[in-house]
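Reading through the structure tokens given below for one structure.
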Amino acid sequence: MGALNLAVLISGRGSNLKALLTACADPDFPARVALVVSDNRDAAGLGHAETFGVPGTVIERRDYADRPAFEAALDTAIRASNVDLICLAGFMRLLSADFVRRWWNRIINIHPSLLPAFPGLDTHARALAAGVRLSGCTVHVVRPAMDDGPILVQAAVPVLPDDTGQTLAGRVLIAEHEAYPLAVRLLAERRVEIVDERVLFVDPTLAARFGPESVLRVP
Ligand code: GAR
């Protein structure tokens, strides 16, 4: 089985992109980053693509008349790179249901909460306001609704009494950088399948090996 070709879509800092690039630099890792796309020409994350020698391209919404034209450009660029899986990594734009259907089960996203809690923006402030004792991150298969879809990997971190949004975000981000490569590995090694909108392990004995790892990690 050949390595999975990834397109990583970013809008900003790109620390999750860097985690994926770092994982993919290991020849034993079953995926490669074929293309980085930013919808923001000023995204710092584009620098990571350059550092790792991976093609990076800018496709900005404002350069296109409407969303279908923007998404057609995205689609063309991604297909030209023979991409198997699209990884949204801080890509702060909702893809249309049409686009998601065209790439059904082949787009994944990372979100900094234990979904379905706290989808959308201001995740950490809302988690703190709700007084949750655990937060974390989720890597999920993308569906048309925002931050919705079958859950591939979750990692939990504690919420500490003196946390601010920033300190909690920092703790969650460390978990994100482990969770995202793990999710890509599970898909690339065909260890999981989607049944009734839930991600199940193909071989139940693997659940013992990957299950705890893909559910809970408290540093
Ligand atoms: C990450 O925390 C990611 O989970 C979040 O944006 C940040 C991007 O950071 N994504 C979302 O909130 C999507 N709903 P990065 O650019 O350093 O990877």
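Here, each number is a calculation from the coordinates, and none is a lab measurement. Nothing here was measured: the structure is a model prediction, and the numbers come from that model. Here the Cβ is made from the backbone with ideal geometry for all residues, glycine too, and neighbour counts use every protein chain on show.
Enclosing the Cα atoms of the stretch 56-135 in their convex hull gives a volume equal to 122 cubic angstrom per residue. Sites listed here are GluC sites (Glu not before Pro) in the stretch 16-123 whose DSSP assignment is loop and whose Cβ has at most 13 other Cβ atoms within 10 Å: Glu60.
Projected over all directions and averaged, the alpha-carbon convex hull of the chain occupies 12.2 nm². For the stretch 96-123 and the stretch 46-88, what is the centre-to-centre distance using only Cα atoms, to the nearest Å? The two parts, judged by their Cα centres, are 17 Å apart. Around the amide H of Ala31, modelled in the peptide plane, lie the amide H atoms of Leu4, all under 5 Å away and 5 or more residues distant in sequence or on another chain.
In a DSSP loop and with at most 12 other Cβ atoms within 10 Å, the trypsin sites (Lys or Arg not before Pro) in the stretch 1-86 are Arg41.
Using θ = phi - 60° in the Karplus curve 6.51 cos²θ - 1.76 cosθ + 1.60, the 3J(HN,Hα) couplings for the stretch 8-21 round to 10, 9, 10, 10, x, 4, x, 6, 6, 4, 4, 4, 5, 4 Hz; x is entered for Gly and Pro.
Applying a DSSP loop filter and a limit of 15 other Cβ atoms within 10 Å to the GluC sites (Glu not before Pro) in the stretch 114-202 leaves Glu189, Glu197.
Phi angles of the stretch 146-157 translate, via the Karplus equation with coefficients 6.51, -1.76, 1.60 and θ = phi - 60°, into HN-Hα couplings of 5, 6, 10, x, x, 8, 8, 9, 10, 10, 9, 10 Hz per residue; Gly and Pro are given as x.
Database remark: amide H of Phe91 closer than 5 angstrom to the amide H of Ser11 (H placed geometrically; neighbours at sequence offset of 5 or more, or on other chains; Pro and chain starts carry no H). Coupling constants for the stretch 109-116 follow from the phi torsions by the Karplus curve (6.51 cos²θ - 1.76 cosθ + 1.60, θ = phi - 60°), and in residue order they are 9, 10, 10, x, 8, 8, 4, x Hz; glycine and proline get x. In the chain, Cα pairs under 8 Å separated by at least six residues give a relative contact order of 18 percent. What is the sum of charges, Lys and Arg at +1 and Asp and Glu at -1, for the other residues whose Cβ falls under 13 Å from the Cβ of Leu187? That sum, taken over residues with Cβ under 13 Å, equals +1.
Once you sort the root eigenvalues of the Cα gyration tensor of the stretch 75-202 as a ≥ b ≥ c, which label holds: rounded (a/c under 1.5), prolate (a/b larger than b/c) or oblate (the other case)? Prolate is the answer for the stretch 75-202, as a/c is 1.5 or above and a/b outweighs b/c.
Given C-alpha coordinates of the stretch 1-119, what is the ratio Rg to Rh with the Kirkwood estimate of Rh?
Checking Rg against Rh, the ratio lands at 0.95.
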